[in-house]
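Participant: Please read through the structure below; I'll follow up with questions.
Only the coordinates and a few stated rules stand behind these numbers; no lab work does. It should be emphasised that the depicted structure is a prediction, and the values quoted were computed from it without experimental measurement. Here the Cβ positions follow ideal geometry from the backbone for every residue, glycine too, while neighbour counts run over all protein chains shown.
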Amino acid sequence: MNEQGLKGLESLSAALGKSRGAPPVHLWQPPFCGDLDMRIAADGTWHYLGTPIGRPAMVRLFASVLKREGDRYFLVTPVEKVGIKVDDAPFLAVAMEQDGSGQEPALIFRTNVGDVVRCDAEHALRFEAEAGTGGIKPYLHVRRDLWALVTRALFFDLVALGETRHYMGREQFGIASAGAFFPMAPAESVAEQ
């Protein structure tokens, strides 16, 4: 990492330390200041200069100013934007509970960086084919085009809650939450398993 990148990380950290609440990163359009040697691994671990960041508060702070533009990820403040690498999804959904208090039960997720997300039409689940395995990888929309990979343990819980519905002209196996339905796979492919 060059000296400019290190100064960028220090100023980013200082600027973040002054903010309270969820920053409006979607409104910030600062100039690009270069890439940091920062990476979010597929297991949700944040790394800086190849070393895991061991302070959860620092990770939560950086996660709060994460922004996605196209296929790239950036940490942003009102005055600067630095690029980082993300191996899969920037967050992990690590806990889930079912809230049956409303008219329609909802699934509530917690991410590895402390976000609490009610799964609904605006915070959808999506399921993608896993390359090379024939399996499925579930993702939860957290905010502003940022997604959380649902952990394998929670994925099994989702499958246990799944149901078959007529959706978009065919029978689909999927998950219902807060009045929305998220198809996982054609019902006939699940029946074959």
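Participant: Consider the candidate values [x] 46, 33, 29; [y] 57, 39, 29; [z] 45, 44, 31; state which one is Cα extents along the principal axes in Å computed from the structure displayed.
Facilitator: For Cα extents along the principal axes in Å, the calculated option is [y].
Participant: Shifting gears a bit: Exactly which GluC sites (Glu not before Pro) in segment 107-193 are in a DSSP loop and have at most 12 other Cβ atoms within 10 Å?
Facilitator: When the GluC sites (Glu not before Pro) of segment 107-193 are filtered for loop state and at most 12 Cβ neighbours within 10 Å, GLU122, GLU130, GLU192 remain.
Participant: A follow-up question, please. Filter the trypsin sites (Lys or Arg not before Pro) in segment 92-183 down to the DSSP loop ones having no more than 15 other Cβ atoms within 10 Å, then list what survives.
Facilitator: Listed in order of number, the matching sites are ARG144.
Participant: If you build a Gaussian network model of the chain, linking Cα atoms that sit under 10 Å apart, which residue out of ALA129, ALA180, ALA89 swings the most?
Facilitator: Answer for the Gaussian network model of the chain: ALA129.
Participant: Please work out whether segment 91-191 counts as rounded, prolate or oblate from its C-alpha gyration tensor, where a ≥ b ≥ c are the square roots of the eigenvalues and a/c under 1.5 means rounded, while otherwise a/b larger than b/c means prolate and anything else oblate?
Facilitator: Taking the square roots of the gyration eigenvalues as a ≥ b ≥ c, segment 91-191 is oblate.
Participant: Any chance you could give the angle, 0 to 90 degrees and rounded to 10, that helix 152-161 forms with the longest Cα principal axis of the chain?
Facilitator: 30 degrees
Participant: Would you order TRP28, TRP147 from fewest to most other beta-carbon atoms within 10 Å of each residue's own beta-carbon?
Facilitator: TRP28, TRP147
Participant: At 0.36 nm per residue, and after removing the present C-alpha to C-alpha distance, how many nm does the segment from HIS47 to ARG68 gain when stretched out fully?
Facilitator: 5.8 nm
Participant: Which aspartates and glutamates have a Cα less than 14 Å from the Cα of LYS81, not counting those fewer than 8 places away in the same chain?
Facilitator: Output for LYS81: GLU10, ASP35, ASP37, GLU69.
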